[in-house]
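Below is one structure; the comments refer to it alone.
Every number here is computed from the coordinates shown, using simple stated rules; none is lab data. Being a predicted model, the structure only gives us computed values, none of them experimental. Here the Cβ positions follow ideal geometry from the backbone for every residue, glycine too, while neighbour counts run over all protein chains shown.
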Amino acid sequence: MTNHIADTFDDLPDADALLSRSGLEFMQAVLSGKLSGPPISRTLGFDLTSVKDGEVVFEGAPGFEATNPTRGVHGGWYGAILDSCMACAVMTMVPRGSVYTTLEFKVNITRAIPLGTAVRATGTVQHSGRSTGVATGDIRGIEDGRLYATGSTTCMIMTAR
């Protein structure tokens, strides 16, 4: 697995790279490094590690940059990794010539992630239709298996061509 993270807008996949593939093919191309991954992965310290039909996994560890003024991991870090795994799971169900966007997502933080703790965020599709996709996700410690947060999302699926 060789993730390549985009450094400029020119490195990001263009419309043809997106629309000429199914969502699953697109996500597999990002995972393999054939297409660049999102810069937010570098910024927030997590990477795409697995892509299957209806399931996507990101792994990472929150660093000092993700802390809030009370020295804990900011809730936005939980939200970003959960939005990524859940929405990308929906992406795996999107047909060629279509795109998706997150309409809403919810995060339930069950315990604080200690800084530097490696976690796995898994998104799983619950429903994928013509115009919407619904997925759930969880964040678990890679070494201890502890549940740190859960989430759910609804995404809109749109025909682009």
Please give the net charge around Ser152, taking every other residue with its beta carbon less than 13 angstrom from that of Ser152, where Lys and Arg add +1 and Asp and Glu add -1.
-2
Computed over the chain: longest principal axis from alpha-carbon atoms vs helix 75-91 long axis, angle to nearest 10 degrees, is 30
Taking placed amide H atoms and a strict 5 Å upper bound, the residues 5 or more places from Gly37 or on another chain that come that close are His4, Ile5, Ala6
State, as an integer percentage, the relative contact order of the stretch 27-161 based on alpha-carbon contacts under 8 Å between residues 6 or more apart.
25
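On full extension of the chain, what length is gained from Thr70 through Gln28, given 0.36 nm per residue of separation minus the C-alpha to C-alpha distance? Present the calculation step by step, with values, prior to reporting the outcome.
Working: separation 42, 0.36 × 42 = 15.12 nm, distance 3.83 nm.
Full-extension gain reported as 11.3 nm.
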Could you work out the helix-only [θ] at 222 nm for the chain, with each DSSP H run of four or more residues adding -39,500 (n - 2.57) and the total divided by the number of residues, to the nearest 500 deg cm²/dmol?
-7000 deg cm²/dmol
Report the trypsin sites (Lys or Arg not before Pro) located in the stretch 1-75 that are in a DSSP loop and have at most 16 other Cβ atoms inside 10 Å of their Cβ, or state none.
Lys34, Arg71
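Scan the stretch 74-113 for trypsin sites (Lys or Arg not before Pro) in coil per DSSP, keeping those whose Cβ has at most 15 other Cβ atoms within 10 Å, and list them by number. Could you put the intermediate results ahead of the total?
Values: sites: Arg96, Lys106, Arg111; in loops: Arg96, Arg111.
Passing both the DSSP loop test and the Cβ count: Arg96, Arg111.
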Quick check: the distance between the Cα centres of the stretch 127-147 and the stretch 110-124, to the nearest angstrom?
12
Folded to 0 to 90 degrees: helix 23-32 orientation relative to the chain principal axis, Cα:
60
Net charge near Pro39 (other residues with Cβ under 10 Å of its Cβ; Lys, Arg +1; Asp, Glu -1) is -1
Once both label points are put 7 Å beyond Cα along the C-beta direction, the Arg140-Lys52 separation in nm becomes 1.2
Separation in nanometres of the label points that stand 7 Å from Cα toward Cβ, at Ala17 and Leu103:
2.9
